[in-house]
1. Within 17 Å of Tyr240 (Cα to Cα), under 20 Å from the mean Cα position of the chain (by Cα), part of a strand (DSSP E or B) and polar (S, T, N, Q): which single residue out of Ser285, Ser264 fits that description?
2. So which residues in region 318-347 are on the phi < 0 side of the Ramachandran plot and touching a residue at least 60 places away in the same chain (Cβ under 8 Å)?
3. Go through region 202-244 and give me each residue that's more than 18 Å from Met267 (Cβ to Cβ), part of a helix (DSSP H, G or I) and in contact with a Lys or Arg (Cβ under 8 Å, 6 or more places away or on another chain).
4. Of Ser300, Ser256, Ser290, Ser246, which residue is farther than 18 Å from Ala173 by Cβ and either within 14 Å of the chain's Cα centre (by Cα) or of a type in the set (Lys, Arg) (or both)?
5. Tell me the residue from Val378, Val403, Val395, Val415 that is aliphatic (A, V, I, L, M), surrounded by 15 or more Cβ atoms within 10 Å (Cβ to Cβ) and at pLDDT below 85, please.
6. Looking at Ile232 and the list (1) under 20 Å from Leu19 (Cβ atoms); (2) at pLDDT below 95; (3) surrounded by 24 or more Cβ atoms within 10 Å (Cβ to Cβ), which single condition is not satisfied?
7. Does Ile443 count as of a type in the set (A, V, I, L, M, F, W, C), loosely packed, with under 12 Cβ neighbours inside 10 Å and either farther than 15 Å from Lys467 by Cβ or in contact with an Asp or Glu (Cβ under 6 Å, 6 or more places away or on another chain) (or both)?
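The values are calculated or read from the model by the stated rules, or taken from the named source; none is laboratory data. Just so it is clear, the model here is predicted, and its values are computed rather than measured. Note that each Cβ is placed from the backbone with ideal geometry, even for glycine, and that neighbours are counted across all protein chains shown.
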Amino acid sequence: MVLQKLLESIRNSGDRKALYYLNNNNYLYSDILHKYETYDRLLSELPKQHDKARYLVYVKDPFEYICIFMAVIKHGIVIPFEAAKKEYNEMIIGECKANYIFMQEDISLGSYRAEKIWSDGKVNLLGIDDYREDKLQIDENIIICYFTSGTTGKPKCVMFSDQALYNNINSLAELIKIEKKDVCYTPISPMMTGALNTIYLPALLKGASVAVNITFLAGSVMKTINSQGVTILFMVPLLYTKMLESNSVHLINWKSIRMCLTSSSYMSETIFKQFHDVANICISSIYCSSECGVIAVNYSDQIEIAMKYVGHPLKGTEVEVIKDGKILDAGEYGELVVAGINNSQGYLNYDNSALGILLHGKTYYKTGDYGAITENGVIISGRIADTMNIAGHLVDPIEIEKVLVNYEKVEDASVFSCIDDKHNEYIVAKVQCVNKEICMDDIELKQYCRQKLSDYKIPSNIIFVDKIERTANGKKIRRV
């Protein structure tokens, strides 16, 4: 379904521009088709050792990445892969038992042995010897697996069927009304799930163009938006924050942009308001999860609604709020659960029985998000998984983080709980100071917190760090 629809769009678009690079190295839709056919022939000639071979793809160039993605979903399962230290790479290979890996540069595979099968001088295809002939019992409809961020534990490999992936990208493309005249842009690599499913695939599916410039530099983002005539922009909250901290935000032609999108992590109301004041655009939140795909989109032009809610569920997606296994009424807070056509098929090589709950005769996936459903849409107030039980009180770490970062000497903070020798939870806060030379001690910060928080919400242990750890999507890593 995904490949068929992409090929229809590509063939119909012919010599229209598909990918605009900042260095003028542009690619037409016909170029994508030609390169896809090259990779298709390559994979067709590989020995048929697997019914569903698993291909890790670590390719930084978006043009090559998209063409490889299309060829792989025809012949096997694509697994987007952001290479890191050898221990992480080794863990990823073992978790998905990858058979092959596409890469543009050498990376450490740890204890795994790999043999180069093919190369065109830019991209290499390696066969991983340990799993060259390995087979797993995987549904034949699975075409892509994503690894979770691992912010609270070991990353898991989430499986999506052909139909589910198509539902995700097509429903989003239609909801935000992507047209051929649009120029879509994200400074994030398509190796990241959010960028691939929010910009690259929806845009190509509808025959639009994608501006390409992978960067976290605000000035470079500004240059791309202005020079390429961007109409749809997608960035994670961290990048919007960096943009607002730069003078470049005032040099962007915001009038050309009709929609700004965000997802992946919490965005403060302050950032929503500051961005609206500068650009006169309400940032549209995309509510999604690793297991459920796209759940809801908020495209309200009212700032008070845009910054508080994550929108209404997409067509074919059902959201309920539960507590103690029972469905709650509108406006009541509990855990958000999701059923529908966008959901994944669970984790590869895991017992998925705890992932869902049976309601109305349907299986709803637990999101781990604490929130409610209102007439203005879904509202999320925190993560159940992150919620701390402190002396019998349920405490949301985000509430404490908001207080900490409002202190003039604090740049950023991350709050989580640890267990003491008596098996009681206590609060730990990692704090990044605005300026190392005029930082504070934990006594000063605790005194400030006492003015804003109940006693049981005061961090017991404050750790000063140079930088708060985050994932590539900007999510805080809440653990020691």
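1. Values: Ser264 fails: part of a strand (DSSP E or B).
Being within 17 Å of Tyr240 (Cα to Cα), under 20 Å from the mean Cα position of the chain (by Cα), part of a strand (DSSP E or B) and polar (S, T, N, Q) holds for just one of Ser285, Ser264, which is Ser285.
2. Ile341, Asn342, Asn343, Ser344, Gln345, Tyr347
3. Leu205
4. Details: Ser300 fails: either within 14 Å of the chain's Cα centre (by Cα) or of a type in the set (Lys, Arg) (or both); Ser256 fails: either within 14 Å of the chain's Cα centre (by Cα) or of a type in the set (Lys, Arg) (or both); Ser246 fails: either within 14 Å of the chain's Cα centre (by Cα) or of a type in the set (Lys, Arg) (or both).
Answer to the check: Ser290.
5. On the way: Val378 fails: at pLDDT below 85; Val403 fails: at pLDDT below 85; Val415 fails: at pLDDT below 85.
Of Val378, Val403, Val395, Val415, the one residue that is aliphatic (A, V, I, L, M), surrounded by 15 or more Cβ atoms within 10 Å (Cβ to Cβ) and at pLDDT below 85 is Val395.
6. If we test Ile232 against (1) under 20 Å from Leu19 (Cβ atoms); (2) at pLDDT below 95; (3) surrounded by 24 or more Cβ atoms within 10 Å (Cβ to Cβ), just (2) comes out false.
7. yes
Condition check ((1) outside the structural domain of Met307 (by TED's automatic domain parsing); (2) within 30 Å of Val297 (Cα to Cα)) across all residues:
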{"position": "Asp369", "(1), (2)": "no, yes"}
{"position": "Thr374", "(1), (2)": "no, yes"}
{"position": "Asn406", "(1), (2)": "yes, yes"}
{"position": "Asp412", "(1), (2)": "yes, yes"}
{"position": "Asp421", "(1), (2)": "yes, no"}
{"position": "Glu425", "(1), (2)": "yes, no"}
{"position": "Tyr448", "(1), (2)": "yes, no"}
